[in-house]
Amino acid sequence: MNRIRAMLKRPHAGKNVTRLRRRRNGATFVYTNLSKITTALLAAGYIWMSLIPIPLLSQGTYIDENALQPSQVNTYWTWQDVHRADLYLHSLEVLRDQNSTSEQRAQFIRDEFASLGLAAATQNYTFITSSGSVSGVNAYAVMASPRTSGSEAMVVSATWRSDIGDEPYNLRGVSIVLALAAFLKNYSLWAKDIIFVIGDGHLDGMQAWLDAYHGTIPQNLATDFLEHTSGVIWTALNIDYPGHSFSHLGVFFEGLNGRLPNQDLINSARLISHYTGGVPFIVYDHLEPHDFPDRWEATSILANAPEFIRHSPQLKDFEYRAKNIRRHVSYQARGEPSGAHGLYHRFRIDSITLYAVPAAGPHGFFALGKIIESTLRTVNNLLERLHASFFFYIFTSPGTFMKIGKFLPSAVLVGVAMMFSGLGHWVEARWVQEVEYHDEQEKDGTDNQINSREQKVQIKWRSRRRPVLSPVFTVIATHAMGLLSFYFICSPIFLENQFTASLTLFVLLSALPAISLSFPNGNSDVAPFAVLLKSFNLCLASTVISITSLLNFSLAAMLAITLGIPLMHSSSPPLHSFTKAMGLAKYVVYTLLAWGWLLFLPGEVKQAVWNWEVLGIWFAPFICIVYAPLVTQAAIVALRQSLAR
């Protein structure tokens with residue numbers, strides 16, 4: 001009981017005073033050294049980002065799910081199946097040379113599936129977009145599992161067109177899918193249905209088929225309902241084989257809006273490619289430096305460096321890893337899938353694209369068929385969805401990757417620095433420093449005689465009002481302006497007259513922020529508008545970066561680079577020599593940073609709108625509604641400060 005009474009007893013008043021004094025001293029230390037702290041956090045975040053490719057931050061890949069057992073089976077794919085694939089390839093080449101229509105190609109593929117005894121059909125679809133309509137015909141077939149009720153399924157797919165490399169058609173990818181359909185139906189070991197899909201075009205056909213399969217048909221898609229369906233799809237393999245033969249097997253894994261498949265699927269494909277197919281496995285189509293040294297040195301950024309730098313193994317490895325990371329960031333930050341497999345991720349389907357890197361040899365249908373067969377038998381072992389391995393990672397090389405804890409803090413540190421800076425400006429807006437001078441007189445001992453006069457300086461802090469209505473209205477107005485601009489960019493009027501519309505929109509968006517000049521700038525009793533707006537701007541940008549880093553690290557890293565330093569330096573310290581010309585120059589730079597892509601990247605704008613309307617990629621609305629308004633708010637801060645001096 002004495003212990004309970006002691007726990008319930010209020011602490012001594014002296015301890016409370018000590019705790020409050022310690023807290024006040026800590027807050028004082030942070031505020032007085034705020035610029036040093038934010039600079040250190042920014043430097044740490046950016047240096048960490050630049051060091052992501054170093055091998056010390058990576059580790060070897062491994063299989064988490066014991067049920068997979070990759071490369072542990074005997075494969076039955078033979079040269080007879082290769083001959084069948086060659087016959088299909090000849091027929092597809094005839095269709096290509098005859099400039100056959102989508103209907104003719106899809107009907108041929110559907111008939112071949114049906115001749116094998118599979119439930120086959122075609123699917124007509126049309127996407128209505130601002131830039132026109134996109135139409136096509138898909139072909140697909142369902143092979144029912146002989147051992148289960150068909151509640152689960154796997155997909156083997158290929159698209160008619162290839163978007164990687166120089167060869168535009170994926171004829172060999174389609175051929176091997178047809179040959180696999182004829183081969184796999186001869187075995188009764190499958191515990192899941194296998195669906196074969198040949199998508200028209202590159203991404204639009206597969207998107208239409210997935211929407212129809214899952215019943216998520218958007219308003220701008222007119223499509224046939226699928227005649228044959230199966231159960232829940234767990235995994236999918238997309239085949240991209242555009243060349244005559246190949247030397248390496250590359251993997252593409254990025255999905256819509258930064259989604260990634262479970263890493264066990266990629267690791268299993270790597271082991272199967274190495275041990276079953278005897279094919280070197282690479283990330284994307286990036287050959288490792290030791291595979292073709294002459295080709296690597298010709299394309300290396302160190303090609304003109306001194307020989308001891310050019311031949312350094314450590315620098316070659318660093319450049320190779322950096323090249324893989326840059327490719328990963330380019331896909332993930334924009335939310336674009338790196339292949340047709342990425343469309344499956346929206347439905348929680350683990351999928352990858354196996355890309356046969358074109359070369360003079362030595363591999364072809366035989367090696368690729370064995371790899372696909374073994375991979376299907378590996379995922380056929382699953383009793384539940386892949387869940388044990390990682391969903392957030394960066395592949396730095398085929399056999400090494402980075403965990404989320406090794407790269408996530410780099411973007412978060414920049415976000416923390418921006419939050420500290422924003423809170424510092426919030427405190428600055430509340431308190432103003434005043435200096436008072438007092439005259440003190442010294443006497444020599446008598447009451448009337450004055451010997452000297454001394455002036456004493458006293459510093460006082462006085463609070464002032466922080467009217468938040470105008471800054472909050474500005475923040476809301478800039479994001480509403482971004483929303484309206486996004487709707488205009490997605491309109492047919494904009495895309496039909498893109499140059500004129502882009503120029504008009506850019507001028508309008510550059511002039512509208514000048515309305516904020518009508519807001520009062522504050523006085524000795526009211527905090528300046530620019531300080532309050534900058535505080536809100538930094539805190540909001542910090543929150544966006546921190547949240548985005550958990551969903552799409554590549555996008556968060558790009559935001560940290562493009563927003564970190566620019567937003568924190570939108571205004572200058574009070575003692576800094578800041579002229580109106582410098583403020584206007586800053587305003588122009590920020591406006592170009594926010595909306596300059598309208599003028600300088602017309603192709604990217606058109607592609608981003610198409611991706612939003614057809615694939616549902618959030619990059620275009622995110623840039624218009626989130627990123628550009630944040631930079632516009634910084635431009636307003638620079639403009640208001642320049643005119644206030």
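See the values below:
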quantity	calculated
Flag if R21 is in contact (Cβ under 8 Å) with a residue 12 or more places away in the chain and part of a helix (DSSP H, G or I)	no
Residue in the stretch 177-195 that is under 22 Å from E93 (Cα atoms), in the same structural domain as A139 (by the TED database) and open to solvent by 10 Å² or more (accessible area, probe 1.4 Å) present	no
Residues satisfying the stated conditions in the stretch 350-389, i.e. surrounded by fewer than 19 Cβ atoms within 10 Å (Cβ to Cβ) and in contact with a Ser or Thr (Cβ under 6 Å, 6 or more places away or on another chain)	A359, G361
Matching residues in the stretch 407-432 - criterion: being β-branched (V, I, T) and either open to solvent by less than 30 Å² (accessible area, probe 1.4 Å) or closer than 22 Å to R462 by Cβ (or both)	V414, V427, V432
Residue list for the stretch 320-339, filter: in a loop (DSSP other than H, G, I, E, B) and open to solvent by 30 Å² or more (accessible area, probe 1.4 Å)	E336
Candidate set: the stretch 504-547, residues that are among the β-branched types (V, I, T) and in contact (Cβ under 8 Å) with a residue 40 or more places away in the chain; chosen: the one nearest to V427 (Cα to Cα)	V531
Scope the stretch 218-242; condition part of a loop (DSSP other than H, G, I, E, B), open to solvent by 10 Å² or more (accessible area, probe 1.4 Å) and touching a strand residue (DSSP E or B) at 6+ places or on another chain (Cβ under 6 Å); matching residues	N220, D224, E227, H228, S230, G231
Enumeration of residues in the stretch 107-133 that are out of contact with any Gly (no Cβ under 7 Å at 6 or more places or on another chain) and closer than 22 Å to L615 by Cα	T122, Q123, N124, T126, F127, I128, T129, S130, S131, G132, S133
Enumeration of residues in the stretch 316-329 that are closer than 23 Å to S549 by Cα and in contact (Cβ under 8 Å) with a residue 12 or more places away in the chain	R321, A322, K323, N324, I325, R327, H328, V329
Single match in G369, G342, G405 (criterion: over 23 Å from the mean Cα position of the chain (by Cα) and either in a strand (DSSP E or B) or among the small types (G, A, S) (or both))	G369
Residues of the stretch 289-319 classified as open to solvent by less than 60 Å² (accessible area, probe 1.4 Å) and not in a helix (DSSP H, G or I), total	7
Candidate set: the stretch 215-249, residues that are of a type outside the set (A, V, I, L, M, F, W, C) and within 25 Å of the chain's Cα centre (by Cα); chosen: the one nearest to N380 (Cα to Cα)	T235
Failed condition for H83, given (1) within 19 Å of W209 (Cα to Cα); (2) modelled with pLDDT of 95 or more; (3) not basic (K, R)	(1)
Where L95 falls short, out of the listed (1) free of Cβ contacts under 8 Å to residues at least 40 places away in the same chain; (2) loosely packed, with under 15 Cβ neighbours inside 10 Å	(2)
Candidate set from the stretch 112-123 (those that are more than 14 Å from V174 (Cα to Cα) and more than 37 Å from the chain's Cα centre (by Cα)); member that is surrounded by the fewest Cβ atoms within 10 Å (Cβ to Cβ)	S115
Some residue of the stretch 134-146 being buried (at least 23 other Cβ atoms within 10 Å of the Cβ), out of contact with any Ser or Thr (no Cβ under 7 Å at 6 or more places or on another chain) and closer than 29 Å to Y284 by Cα	yes
Selection status of L484, out of contact with any strand residue (DSSP E or B) (no Cβ under 7 Å at 6 or more places or on another chain) and more than 30 Å from G405 (Cβ to Cβ)	yes
Verdict on I301 being β-branched (V, I, T) and at pLDDT 85 or above	no
Checklist (1) in contact with a Gly (Cβ under 7 Å, 6 or more places away or on another chain); (2) free of Cβ contacts under 8 Å to residues at least 40 places away in the same chain applied to M206, failing item	(2)
Boolean, H425 is over 22 Å from the mean Cα position of the chain (by Cα) and in contact (Cβ under 8 Å) with a residue 24 or more places away in the chain	yes
Qualifying residue in the stretch 159-175 (condition: open to solvent by 20 Å² or more (accessible area, probe 1.4 Å), farther than 30 Å from P492 by Cβ, of a type in the set (K, R) and touching a His at 6+ places or on another chain (Cβ under 9 Å))	yes
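Condition check ((1) modelled with pLDDT under 95; (2) hydroxyl-bearing (S, T, Y)) across all residues:
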{"residue": "A333", "(1), (2)": "no, no"}
{"residue": "A340", "(1), (2)": "no, no"}
{"residue": "Y344", "(1), (2)": "no, yes"}
{"residue": "I352", "(1), (2)": "no, no"}
{"residue": "A356", "(1), (2)": "no, no"}
{"residue": "P362", "(1), (2)": "yes, no"}
{"residue": "F366", "(1), (2)": "no, no"}
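Per-residue answers, yes or no, for (1) at pLDDT 90 or above; (2) out of contact with any Lys or Arg (no Cβ under 8 Å at 6 or more places or on another chain); (3) farther than 25 Å from P629 by Cβ:
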| position | (1), (2), (3) |
| --- | --- |
| G399 | yes, no, yes |
| L408 | yes, yes, yes |
| R430 | no, no, yes |
| F473 | yes, yes, no |
| L484 | yes, yes, no |
| I489 | yes, yes, no |
| P492 | yes, yes, no |
| E496 | yes, yes, yes |
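The values are calculated or read from the model by the stated rules, or taken from the named source; none is laboratory data. Just so it is clear, the model here is predicted, and its values are computed rather than measured. Every residue, glycine as well, gets a Cβ built from its backbone with ideal geometry; the counts of neighbours run over all protein chains shown. All accessible areas refer to the heavy atoms of the entire protein, side chains included, with ligands and DNA or RNA removed. Shrake-Rupley method; radii C 1.70, N 1.55, O 1.52, S 1.80 Å.
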